[in-house]
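A.B. asks: This is the structure, below, for whatever I ask next.
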Amino acid sequence: MSSTARLSNSAPPTATFSAARLALDEQPTLGGRAYCNALSAAADSWLSQLFAAAVEGRKVAAALIAVGGYGRGELCPGSDIDVVLLHKNERKISEVADALWYPIWDDGVHLDYSVRTPDEMVGMAGRDVKVALGLLTARCVAGDDDLAAGVIGQVQAQWASKARQSLSRLRAETEERWEQYGELAFLLEPDLKRARGGMRDVDAVHAAAAAQGETVAADPMLDAAVELLLRCRVALHQLTGRTSDHLVLDEQDRVAARVGAADADELMAAIAAAARRITWHSDDAWHRIDGPRASTDADDIGPGLAIVNNEIALTSAAAPTIDSSLALRAAAAAAAAGVPLAREAMAQLAAEGVAPPVPWPAATRDAFVALLGCGAGAVSLIETLDQLGVFERYLPEWVAVRSRPQRNAYHRFTVDRHLCETAANAARRVRDVGRPDILLVAALLHDIGKGSPGDHTVAGERIVADIATRMGFPPEDADELVRLVRYHLLLADVATRRDLDDPAAVAAVAQQVGTHESLDLLAALTEADSMATGPAAWGPWKAELLETLVTRAHAALAGEPPPPPTPLSEADRALMATGRLRLIADEGRVTVVAPDRPGLLSLVAGTFALHKLRIRGAVAGGEGDMACDVFELDTGWHDAPRWDRIEADLASALAGDFELEAKLARQAGGARPPRRASAARAAHARVLIDNTSTPAATIVEVRAPDAVGVLYRITGAIAVTGFDIASAKVLTLGHEIVDTFYVVEAGLGRRCTNPAALRRLEDAILSALRRPW
Amino acid sequence: MHLVTAIIKPYKLEEVKDALRGAGFLGMTASEVQGYGRQGGKSETFRGGEYQISFVPKVKIEVVVDTADLDKVIDLIASTAKTGKIGDGKIWATDLDRLMRVRTGEFDSEAL
């Protein structure tokens, strides 16, 4: 109890840190580094006063040391105040500590502290790379300057004297962080500090240089990148009042406004560009640390190029002002050999390289294709050429898609990175197609229209026609490239949203694509594109559908008849003969046999939703008054479903004594909105009715935000307006669902041509989706 | 009725128990828990590794009281458990809808 009285007496004599922070927060124009420096200075003066009060009347050899970000003067509003109380084995040090820490805690400031002797501090830094990193940029805030400077100097000397160990620990720590936080430039909701390309990477480069006794060369573009990230981090902390550096979608608009960006898209593009600069800088630094420094003999790898000291260098024969293939060949050689471009080579290519003449010489076009053909290794080299301003000499259109964000959960990359990744995926499929060069170029350019207003496919066709001609492709090849861009979504759309047993759907694809060669190219492009889009865009389910569609489209092109629809199996018939509800689960496929009734599919969908099973597709079948519906389920569930319970619930629901609606409402009410990234803007529900694609049925496509029981609602609305569902496909694109239903008029089993009935159907679906639980 | 929950230093449990019993509050539930607060589970002179937030052993006590006695009970626990050092804990109270004594079937204030 006695300490309480003393602590209240030692309250800070002037304004507290939190008051100083509030005053700074009212100056939004202060910027990033200026704000952080000012806040660090405020912390310094507050802590010096607290320290002076804490040691008053005591004779202690002690110093208060700022470490980590605070040591660098990069204190952000939500940062911990990270300090070490250094002392020479003072017995009374805990009294000093008490007098220091309590006022800080009482001010509500996050404090990260330790109390150490010089030996403890140096020993700790030798064992723990994080401690060492924090101390490399440490400085004395208050107390015994000489004591502090001596220990900090010792830690720095230790870091440099064990350079190899320091670098390998730093490397391991850095890679672990990259693995955990991903790449800042390509993430929808990045961590500004820890993601690859974030501020930690800059600190790591400085620490690596310190280990080698070097300093990092000044780079104004790097400083500008760090300044932007600091500003965003300050704004994020100020707006949220929290310490998280995770820039979530919900905050991006407000952060954009605070840092003066036009909107969140512009902000995220600027952040991506900054992160790329930092990543490029950091990669360059690490390459140089890794690369063996011993000189090896120059290895000739084509006109003007050589591998020197494990880097791609330009020889004296290189003619960057004349040879427009040089930069591309250098990059391809680097990608193929897995070595970096030499710094001098990069500088020379950037300064002296020229745009290729139009049309491109064949050698330049070949070098371009060869670079794309290097696959995953080419991605970072294209990035390097882009950072040097070289890539846009070949493709000025690239500027419009550079760092362009795609702010929804379906896409994982910015447009330019998505294009590079697609080309890298396509490089693995070159043996499956007749024209690898066309596949690779189409993969790189298929979304180039996303930099232009309007439909990206239409814009892309025009842009690619120009580029293909400029690149010197003959007209028929240019036409093929344009066709691939035009139809790059066709196979994926039809495979996931149309009934592949419907000959009309397959025939339409065959007719649009035209030839076996184009179909192979399109299939490879579709796979490469889907894999580069995001985890929701590719998986075994989609792969199987795509393969089925491609096989059937090839058959249709060859004039072969479509396969007959799968008949009911004997087992199914035997189950139907019982006249009772039966539910047979086989891996991801569930067959439901039940007495037929309107809305059966809706009740099944609702019951499955209640048990958290996701339906991916459904085919309705049956004979007489028995239905036999087959459901494809998403097998990504965590626990094995309790089929006995599901069957019992379904039986109750069919009997009408089960409050399905109420139970789903409870589940929807209890379901927290998913914490994962969704989309920048909420999806709106839309219904598209297609009565022309197939004579057998009316195709109803519904797009809506994903929610509990959404399929239950749509299928219920279809049933009550007098339609039967022949088959259904359910697609979840991150935050949005795209459900396709082949519906027929109930009882008549045929396509509906009555516009009024179709309007009623559309209205019923939309109002069912709007209905609150 | 309110449920008073207090997180206190383990060695203060006996004192708090005696104080509550002395003031006429007869029932209490205590459990061993671990947690951390603003100081991240560190002592004043922390010498461990960096970046660790450690859980500290604590005792959680729960007492159901009549709303009229609420402030008195909170004050009593606070004054008994207080050392003035970090880690003294927290006390909170929540409104209680229903209380039943299982053996007799008595409800609410009857069951207190």
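Derivation of every value follows stated rules applied to the coordinates shown; laboratory data play no part. Note that this is a predicted model, so its numbers are computed, not measured. Cβ coordinates were reconstructed from backbone atoms using ideal geometry, including for glycine residues, and neighbour counts include every protein chain displayed.
A.B. asks: Once each part is reduced to its C-alpha centroid, what is the distance from the range A:188-221 to the range A:42-75 in angstrom?
C.D. replies: Spelled out, the Cα-based centre of one part sits 27 Å from the other.
A.B. asks: Still on this structure, please answer the following. Helix-derived [θ] at 222 nm for chain A: sum -39500 (n - 2.57) over DSSP H runs of at least 4, divide by residue count, nearest 500?
C.D. replies: My calculation for chain A gives -16500 deg cm²/dmol from helical runs alone.
A.B. asks: In debye, nearest 20: dipole of the range A:104-210 around its Cα centre with unit charges on the Cβ of K, R (+) and D, E (-)?
C.D. replies: Value, rounded to 20: 520 debye.
A.B. asks: Projecting each Cα onto the charge dipole of the range A:329-471 (Lys/Arg +1, Asp/Glu -1 at the beta carbon, about the Cα centre), which of A:T469, A:P340, A:Q387 comes out farthest on the positive side?
C.D. replies: Towards the positive end, the residue furthest out is A:P340.
A.B. asks: Then there's this: Starting from the Kirkwood Rh over alpha-carbon pairs, what translational D in µm² s⁻¹ does the range A:569-668 have by Stokes-Einstein at 25 °C and 0.890 mPa s?
C.D. replies: Rounded to a whole number, D works out at 178 µm²/s.
A.B. asks: Still on this structure, I have one more. Any idea what angle helix A:643-655 forms with the longest principal axis of chain A, computed on alpha-carbon atoms, 0 to 90 degrees, nearest 10?
C.D. replies: Taking the Cα atoms of chain A, the angle to A:643-655 is about 50 degrees.
A.B. asks: List A:R428, A:R616, A:R713, A:R139 from most exposed to least, where exposure is judged by having the fewest other Cβ atoms within 10 Å.
C.D. replies: Ordered from fewest to most neighbouring Cβ atoms within 10 Å, A:R428, A:R616, A:R713, A:R139 come out as A:R428, A:R139, A:R616, A:R713.
A.B. asks: In addition: Report the charge-dipole magnitude of chain A in Debye, nearest 20, computed about the Cα centre from +1 at each Lys and Arg Cβ and -1 at each Asp and Glu Cβ.
C.D. replies: Charge dipole, chain A, about its Cα centre: 1400 debye, nearest 20.
A.B. asks: Could you tell me the ratio Rg/Rh of the range A:458-523? Both radii from Cα atoms, Rh via Kirkwood.
C.D. replies: Here the Rg-to-Rh quotient is 1.05.
A.B. asks: A further question on this structure: Tell me which of A:M626, A:L30, A:P705 sits at the most positive position along the dipole axis of the protein assembly as shown, charges placed on C-beta atoms (Lys, Arg +1; Asp, Glu -1).
C.D. replies: The one lying farthest along the dipole's positive direction is A:L30.
A.B. asks: Just to confirm the number: angle between the C-alpha axis of helix B:70-81 and the first principal axis of chain B, 0 to 90 degrees, nearest 10?
C.D. replies: Between helix and principal axis, roughly 40 degrees.
A.B. asks: Distance from a point 7 Å along Cα→Cβ of A:Q667 to each backbone N in the range A:701-734: keep the residues under 14 Å and list them by number.
C.D. replies: Under cut-off, by backbone N: A:707-714.
A.B. asks: Moving to a separate point now. Once the other residues with Cβ under 11 Å from the Cβ of A:N754 are scored (Lys, Arg +1; Asp, Glu -1), what is the net sum?
C.D. replies: +2
A.B. asks: Suppose R0 equals 56 Å; then what is the FRET efficiency for A:S168 and B:V33 from their Cβ-Cβ distance, rounded to the nearest 0.05?
C.D. replies: Efficiency, from the Cβ-Cβ distance: 0.85.
A.B. asks: Normalized C-alpha radius of gyration of the range A:290-432, against 2.2 N^0.38 Å?
C.D. replies: The reported ratio for this selection is 1.07.
A.B. asks: Set the bar at 22 Å for Cα to Cα. Now go through A:K88/B:K9; B:K9/B:K85; A:K450/A:K729; A:K92/B:K90; B:K17/B:K82 and name every pair that lies beyond it.
C.D. replies: Exceeds cut-off: A:K88/B:K9; A:K450/A:K729; A:K92/B:K90.
A.B. asks: Could you give each residue of the range A:515-531 its phi-based ³J(HN,Hα) in whole Hz, using Karplus coefficients 6.51, -1.76, 1.60 with θ = phi - 60°, and x for Gly or Pro?
C.D. replies: Along the range A:515-531, the couplings run 10, 4, 5, 5, 5, 4, 4, 5, 5, 5, 5, 4, 5, 4, 5, 4, 5 Hz.
A.B. asks: Considering the options A:L731, A:L769, A:P563, tell which one lies farthest towards the positive end of the dipole of the protein assembly as shown, charges being +1 on Lys and Arg and -1 on Asp and Glu at the Cβ, about the Cα centre.
C.D. replies: Towards the positive end, the residue furthest out is A:L769.
A.B. asks: Please list, in chain and number order, the residues 5+ apart from A:D706 or on another chain whose amide H is under 5 Å from its amide H, with Hs placed from the backbone.
C.D. replies: Those lying under 5 Å, H to H, from A:D706 are A:E736, A:I737.
A.B. asks: Given R₀ = 56 Å, FRET efficiency for B:S79-A:R343 by Cβ-Cβ distance, to 0.05?
C.D. replies: 0.20
A.B. asks: Please list the three semi-axes, largest first and in whole Å, of the ellipsoid equivalent to the range A:175-289, using sqrt of 5 times the eigenvalues of its alpha carbon gyration tensor.
C.D. replies: So the equivalent ellipsoid measures 25, 14, 12 Å along its semi-axes.
A.B. asks: Let me ask another. Between helix A:755-770 and chain A, what is the angle of the helix's C-alpha long axis to the longest principal axis, kept within 0 to 90° and rounded to the nearest 10?
C.D. replies: On a 0 to 90 degree scale, this one is about 30.
A.B. asks: Can you pull the three principal axis extents for the Cα set of the range A:117-215, in Å, largest first?
C.D. replies: Principal-axis extents of the range A:117-215 (Cα, largest first): 47, 30, 24 Å.
A.B. asks: While we're on this one: Quick one: order A:Y70, A:Y181, B:Y11 by neighbouring beta-carbon count within 10 Å, fewest to most.
C.D. replies: B:Y11, A:Y181, A:Y70
A.B. asks: Further question: Per residue, how big is the convex hull of the range A:488-616 when only Cα atoms are used? Give it in Å³.
C.D. replies: 132
A.B. asks: Given the Cα-Cα distance of A:H287 and A:T29 and 0.36 nm per residue of separation, how much length would full extension add, in nm?
C.D. replies: Additional length available on full extension: 89.1 nm.
A.B. asks: Which ³J(HN,Hα) values in Hz, rounded to whole numbers, follow from the phi angles of the range A:567-576 under the Karplus curve 6.51 cos²θ - 1.76 cosθ + 1.60, where θ = phi - 60° and Gly and Pro get x?
C.D. replies: Here the 3J(HN,Hα) series is x, 5, 7, 4, 4, 4, 4, 4, 5, 5 Hz.
A.B. asks: Hey, another quick one. Tell me, A:W105, A:W360 in order of fewest to most beta-carbon neighbours within 10 Å?
C.D. replies: A:W105, A:W360
A.B. asks: Okay, moving on. In the range A:561-670, which GluC sites (Glu not before Pro) fall in coil by DSSP and have 12 or fewer other Cβ atoms within 10 Å?
C.D. replies: Of the GluC sites (Glu not before Pro), the ones in loops of the range A:561-670 whose Cβ has at most 12 other Cβ atoms within 10 Å are A:E587, A:E659.
A.B. asks: Quick check: Cα centre of the range A:696-715 to Cα centre of the range A:307-323, how many Å?
C.D. replies: 59
A.B. asks: Okay, moving on. Under a point-charge model restricted to the Cβ atoms of Lys and Arg (+1) and Asp and Glu (-1), what is the dipole moment magnitude of the range A:495-614 relative to its Cα centre, in debye to the nearest 20?
C.D. replies: For this selection, approximately 720 debye.
A.B. asks: May I have the convex hull volume per residue, in Å³, for the Cα set of the range A:394-545?
C.D. replies: 113
A.B. asks: What list of whole percents do you get for P(r) of the protein assembly as shown, with Cα-Cα distances grouped in 10 Å bins up to the one holding the largest distance?
C.D. replies: Final binned percentages: 2, 10, 15, 17, 17, 16, 13, 8, 3, 0, 0.
A.B. asks: Moving to a separate point now. Near the amide H of B:V56, under 5 Å away, which other amide H atoms are found, from residues 5 or more places off or on another chain, if H is placed in the peptide plane?
C.D. replies: B:G35, B:Y36
A.B. asks: Still on this model: For a quick check: with amide H placed at 1.01 Å from N, whose amide H comes under 5 Å from A:N309's, ignoring anything fewer than 5 positions away on the same chain?
C.D. replies: A:T296
A.B. asks: Percent of Cα-Cα pairs more than 22 Å apart in the range A:235-342, please.
C.D. replies: Distances greater than 22 Å cover 54 percent of the Cα pairs.
A.B. asks: Sticking with this one: In whole angstrom, how far apart do the alpha carbon centroids of the range A:108-177 and the range A:471-522 sit?
C.D. replies: 60
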